[in-house]
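Each remark here refers to the structure printed beneath this line.
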């Protein structure tokens, strides 16, 4: 099943994607919902990030090429799947622009990542409970300003500028993890391709660790880390991340004031 | 005006505090609201954190003695050249008079930090200084509970600061606080640990909001914690009670409880 959020006549709404049609629903997949009779073509729909004000967990180093790339910059691999957060205020949808602020240094990178969507809340998950807590998967781009990340006392603007966390295009609840391959294209040229299950830490590993200390809620998300390294983004660059069996998240970088 | 959130008819409701009564409202102070023709005793009410699932900004090292103490503890600490922010997890928020639970596997060096918390009232970006003061809805009190060991060893202090119940907030929002007169006083089991004039910050709430909104849109109900004063507090023990009093606002009181693994 495919769940999206989109701009309907009544404001932001959840919808179910069926073929090339969106069926509008009342409510949300995370609480209660009801299908309405309102349908619209998927084509031309303004898709929004498929979750609303989530707690947004992130583990940074989880795929080999990226871990090795970042290790050259001195960043160690944590001994356990430790989480950090991104700000929900930075979320945007697919096919929307990622705005680089005018005063941002010229070393903005993409990090395209598989993202887990939580369906069942809870605390102190066993491995089985963590598995059962997963609602589905989507795709995220953890855009990062590298100079700011190094210089600032905390990763606030280096990670959380408005529009720097594209998410989408929708949530797929039936993804075959063993088969799923993620491909990242930069201006239509393939950069990296990997099996998403080639992680160091599985979603279950992370959820078991996080839920020892924090209560998870339906609609929360966990981004699983990128593979490979990114060039620095220029005004007009287009980054696409595709997961087989899911879809493609596509966004353009735009520098403010250009 | 004083705004609270409290348990009303088995649900969470916003309310307006008038003397010793709470008038429940439908809606919220951040959107639209309507007073309900009812009243509840403030004394008997179960108060909750006065905001719901905010974006939780936190600046720190914002008062002189605290900055010096931090620099003394770590060579990587420095005075910030411009106002900046970090984040805390909204999932860690709890209300006044509730327990702060220390997990069984947590090292024994948990400390508390009383702080003034700014509550945002407007959706805004690229604020000027004057606009930033106008974007403030009111003030409340927060406790930035931290585990010394985990804050040092963990990447980005995730468990170091953001465990469930480690961010008490309340007791309510005061919209008419005079920040130039307000004094914050923190005590442990009734004994004062630190006291300061809140406007002796390096960066005022407006300074921080101007910085944040260069890059980030703030929304009604978001909060910004302003940092604590003084050297590191004593490490807490099971049963300790911390009170943070802000003159002209009220007192946020919470007790620490050490969780035990029974298996």
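On the beta carbon distance between residue B:178 and residue B:20, with R0 = 25 Å, the FRET formula returns roughly 0.65.
Full extension of the segment from residue B:97 to residue B:255, taken as 0.36 nm per residue of separation minus the current Cα-Cα distance, would add 56.1 nm. Semi-axis lengths, largest first, of the ellipsoid equivalent to the range A:162-258 are 27, 18, 13 Å, with √(5λ) applied to each eigenvalue of the Cα gyration tensor. Contact order, relative form, for chain B: 26 percent (alpha carbon pairs under 8 Å, 6 or more residues apart, mean separation divided by residue count). Ranking of A:200, A:125 by neighbouring Cβ atoms within 10 Å, starting from the fewest: A:200, A:125. Only alpha carbons enter this Debye calculation for the range A:132-208, each as an equal point scatterer, and the log10 of I(q)/I(0) it gives at q = 0.22 Å⁻¹ is -1.20. With Rh defined as the Kirkwood radius, the inverse of the mean 1/r over Cα pairs, the Rg/Rh of the range B:206-245 is 1.16. Here the calculated FRET efficiency for residue B:65 and residue B:241, from their Cβ-Cβ distance with R0 = 30 Å, stands at 0.80, rounded to the nearest 0.05. Placing a pseudo-label 7 Å from each Cα along the Cα-to-Cβ vector at residue B:133 and residue B:149 gives an inter-label distance of 4.7 nm. Using alpha carbons only, the radius of gyration of chain B set against its Kirkwood radius gives Rg/Rh = 0.96.
Between residue B:36 and residue A:70, the FRET efficiency estimated from the beta carbon spacing at R0 = 56 angstrom works out to 0.55. Note on the protein assembly as shown: Kirkwood hydrodynamic radius from all Cα pairs is 24.0 Å, rounded to one decimal.
Helical content of chain B, expressed as a calculated mean residue ellipticity at 222 nm, amounts to -3500 deg cm²/dmol (DSSP H runs of 4 or more residues, -39,500 (n - 2.57) each, divided by residue number, nearest 500). In percent, rounded to a whole number, the relative contact order of the range A:167-227 is 23, using alpha-carbon pairs under 8 Å and six or more apart. The ranking of A:104, A:112, A:182 by Cβ neighbour count inside 10 Å, starting from the fewest, reads A:104, A:182, A:112. Distance from the Cα centroid of the range B:1-72 to that of the range A:1-73 is 31 Å (rounded to whole angstrom).
Kirkwood hydrodynamic radius computed over the range A:88-130 comes to 14.6 Å, based on all pairs of distinct alpha carbons.
Taking 1.567 mPa s as the viscosity and 4 °C as the temperature, the Stokes-Einstein diffusion coefficient of the range B:1-131 based on its alpha-carbon Kirkwood radius rounds to 71 µm²/s. Its residue count N fixes a reference of 2.2 N^0.38 Å for the range A:105-176, and the Cα radius of gyration divided by that reference is 1.40. Within chain A, the proportion of C-alpha pairs whose separation exceeds 24 Å stands at 46%. The Cα-based radius of gyration and maximum Cα-Cα distance (Dmax) for the range B:61-162 are 16.0, 47 Å. Size check on the range B:1-58: the Cα extents along the three principal axes, sorted descending, read 33, 24, 23 Å.
Here the Kirkwood formula, the inverse mean of 1/r across different C-alpha pairs, assigns the range B:172-263 a hydrodynamic radius of 15.7 Å. Ellipticity at 222 nm from helices only: DSSP H runs of n ≥ 4 in chain A, each -39500 (n - 2.57), divided by the residue count, give -3000 deg cm²/dmol. Taking every C-alpha pair closer than 8 Å and separated by at least 6 residues, the mean separation divided by the residue count of chain A gives a relative contact order of 27 percent.
Here each label is just a point 7 Å from Cα along the line to Cβ, and for residue A:176 and residue B:202 those points are 5.6 nm apart.
Computed from the coordinates by the stated procedures, all read-outs in this text should not be read as laboratory data. Everything numeric here is computed off the predicted structure, so don't read it as measured data. Because the Cβ atoms are built from the backbone with ideal geometry, glycine has one as well, and the counts that use them run over all protein chains shown.
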